[in-house]
Every structure is written in structure tokens, then in C-alpha cells.
Ligand SMILES: Nc1ncnc2c1ncn2[C@@H]1O[C@H](COP(=O)(O)OP(=O)(O)OP(=O)(O)O)[C@@H](O)[C@H]1O
Ligand SMILES: [Mg+2]
């Protein structure tokens, strides 16, 4: 059998699973970690890009350069073809992402001790909501990126199906499973028949009753928390003059992981300076401009994310805003977080109902709910997922590695022989 791999290129974190000989394994993709943040830092001096925690650390240490995160979110948009200045060169986001996939490929090959050219790439059920053309452009773009990174045979698999294949490894009896993978950028669902008697069949297509999903994930919840709790301290809601509000985009972009780096593009800086002169010295908007000057948008987003994560177990958290102004912070309570994200969580619930509808399965028939993805740790999200399933046991998978390992299982099935 050939050694093959599965790549879970995630909005927030990426993993690689390999199938080598009889074994499946997760590749250490950064030091001994089997996950690597999908973060890319280009030093200003043109030195090679740094990936993952290494890139984030360089940015946190205020090394000159540009940090980009959550670039999976731009795959279906025109932004992926735009060029941007990094390290004294102009690169398209596509080229920037090729660098990241080369990084993952090299890690897999180093671990396996051999060249790997066959891959199953994970993909969300919908990269883009309600736009099939943009959705298939996103997949083609990812395929082209994988090809440029050196892969020869590239197949795709839905992320929740990959998670299901991993869950199936541990099943001792047949189950009708609702899989929910709630990640950083998307929520993905599958209704599948899993277990020993199904596993034996060669063609599994009949076991997949439905796939569904929506482009809502943890990064969207970060955006909402930031807009509700942090951005008002940076000028959101300030009026330019009576009856004329500041535009929303500077705040939305600063609160949105995959757009933070766009704020310092020259055309945006010009508009921001114009706004600054129109609100003449408004102290809150001065804070905004301070953040832009210092390029501390990612530090703020990280502190918002940290507070959100604390709210999964606690009811109260403080968002550190030292990078906006020394000593500044804001309190975030779980109930406020739940109210500012109610619409996103409601949409996750609707997508679950719609997936069950497509499957033609009544929720009480589901015997197991398999949860994976970092955002499945959020109590209100778990509640929304589990609510319809009265007769199901709830099983938590490895939140960050189920998909990568499942992709390796799929890669062995489809590519290894
Ligand atoms: N304990 C936690 N509580 C709440 N959210 C969490 C927790 N741990 C991680 N997250 C969130 O989970 C998200 C990342 O999850 P994950 O790594 O599964 O996403 P991903 O696979 O990169 O994204 P996607 O599959 O959507 O492309 C982030 O938004 C992160 O803030
Ligand atoms: Mg994921």
C-alpha cells in the first residue's frame, strides 16, 4: 500500500493524517503538536514566511511584517486572486496559501520518511452559502493550490464525513449518527449509518443520508463578541455629525479574522484618515487609529477569542485591551455573549433541521450524536445541536484531530492501492 495523506486545512487550525502501512497517524505539524494554527507571517525583510505558532509569536513580538489568519474564509471570494505586499514582494493570496500547503506537505513527508503525492483534502459542505458557482470555485482553487504545492492526485471529502470515518473506528455496534463539526469558519453536518456491518461494504454512498452545513463558525462568534463588547470603545456608534454615522466596515473588518490584515492596505488607510479628520479627535476613534498604526488588530482578536473560550466553562471573562490603551479592559458575561451570538447559533440550529429534512430522518431515530470542532465546546452551541435528539447518546470526539485522521482513513480507501 502506498503512503497517502489527508489534509484538514482549517479556518483556524490545520492537521495532517497519514496512512502508512497498516497504521494511521497524526503528523506532528509544528514541533510535537499535531495541530498548527492556519496563520502565516511574512517578515518585512523578505525572509521566508513563518507558519503557525511561530508566525503568531513573531507577530506578538512585534517583529516587522504581516500576519494573516483564517485565509480559508477567502477561498470562495475574489480576494483570493488579489495581490498584496508582503516582505517587499507582491503575492496573490493563492500563492501565499501554496506556501502553507508546502509547509504541511513537508511535515508529512518528514514524518513518513518518504515522498507523499496523494492527498484527500477536507472541505466544508459549503465553502460559501447559497452560491454553488462560488462554492465550486473555492474547491477548484484549493485543488489548484494543492497541485502547486506538489500533490499529484487530489481528492476531496466533506469534513463531517471524515469525522464520521474516524468515529466509526471505535464503534462496536451499528448506529445512525448525526455528525456535527463546528469549526472556526463553518458548521458541517452529516447523517450517516456507521458501524461494523456498514464498514464492510465497499460502496458507502448509501450510508450517507445527507450532508449539510452553513458558513458560521467560531470566528463569526468572535466577530459578534468584538462588535458588541470591544468596538464601541473604538468608536463604533460615534456619529460623524448629527444624523451621519461612521461607516460600519472599519469595525467589522477589525473584528473579522480574515479581514484584519486588509485594514492597512493603502486604499483603506486613506479612507480611515479621512474619517479621522471628520470626527476630529474623537478619543474613541483615536484608539481605533492607534490600533491601526500599531497593527495590533490580531492581538485584540486573540484576546476576544480567549475570553470566548473562557466563557465555555465560566460565566464571566475579561477582555484585555492593553493593546488599545494601557489598563483598558472590558467585561464579557456568558449571557451577553449568548445574546450577541443568538442569530448565528439560531442559524446553526436551522441548518441542523434542514440537514435532517434532507436525510428524511426523524431526530428521534438518531442513536448517536458525534461532536467535533473547537466550537462544539460552547455550551449554547452544544445545546442547539443536541436539542432535537431525544434518544441519542452524545459523544465528543477529539475536537481538533477527528477530521484529519478521518481524511487519512478515506485516503487509504481511495488512493493507497
Ligand atoms: N474551549 C473552547 N470553547 C469555545 N471555542 C473554542 C474552544 N476551543 C476552540 N474554540 C474555537 O474553535 C475554533 C477552531 O476550531 P477548529 O480548529 O475545529 O476549526 P477549523 O477546523 O480550523 O475550522 P473549519 O473546520 O471551520 O474550517 C476557533 O474559533 C476557536 O476559538
Ligand atoms: Mg475543521
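Some values worked out for this structure:
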quantity	calculated
Label-point gap, in nm, between residue 245 and residue 172 - each point 7 angstrom along Cα→Cβ	5.8
Cα centroid separation - the range 235-269 against the range 193-212, whole Å	47
Residue-averaged 222 nm ellipticity for the chain, from DSSP H runs of 4+ at -39500 (n - 2.57), nearest 500	-12000 deg cm²/dmol
Distance-filtered residues of the range 377-417 - backbone nitrogen under 14 Å, label point 7 angstrom along residue 152 Cα→Cβ	415-417
Exposure proxy order (Cβ contacts within 10 Å, fewest to most) of 308, 383, 326	326, 383, 308
Approximate spin-label separation residue 206-residue 294, in nm, with each point projected 7 Å along Cα-to-Cβ	6.3
Rg/Rg_globular for the chain, with Rg_globular taken as 2.2 N^0.38 Å and Rg from C-alpha atoms	1.00
Using a Förster distance of 25 Å, the FRET efficiency for residue 310-residue 394 (Cβ separation, nearest 0.05)	0.65
Residue of 149, 134, 23 that the Gaussian network model of the chain assigns the largest fluctuation, springs spanning Cα pairs under 10 Å	23
Residues listed by number, the range 211-247, amide nitrogen under 11 Å from residue 331 label point at 7 Å toward C-beta	none
Prolate/oblate/rounded call for the range 105-180, Cα gyration tensor, a/c under 1.5 rounded	oblate
Choice from 313, 372, 353 with maximal GNM fluctuation in the chain (Cα, 10 Å cutoff)	313
Rounded if a/c under 1.5, otherwise prolate or oblate - the range 1-114, Cα gyration tensor axes	prolate
Estimated FRET transfer efficiency when R0 is 22 angstrom, pair residue 117-residue 92 (beta carbons, to 0.05)	0.40
Convex hull of Cα atoms in the range 99-148, direction-averaged projection (nm²)	3.8
Fraction of antiparallel bridges per DSSP, the chain only, in percent to nearest 5	70
Linear extension gain, residue 413 paired with residue 144, 0.36 nm per residue minus alpha-carbon span	94.6 nm
Cα gyration tensor shape of the range 219-340, rounded if a/c is under 1.5, else prolate or oblate by comparing a/b with b/c	prolate
Cα centroid separation, the range 1-47 to the range 114-173 (Å)	14
Using alpha-carbon coordinates, inclination of helix 93-112 to the longest axis of the chain, degrees	40
Spin-label model distance (nm) - residue 23 vs residue 129, 7 Å beyond Cα toward Cβ	4.3
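Where a number appears in this text, it was derived from the coordinates with a stated rule and is not lab data. Model, not experiment: these values are computed from the prediction. Methodologically, a virtual Cβ is constructed for each residue, glycine included, from the backbone with ideal geometry; neighbour enumeration extends over all protein chains shown.
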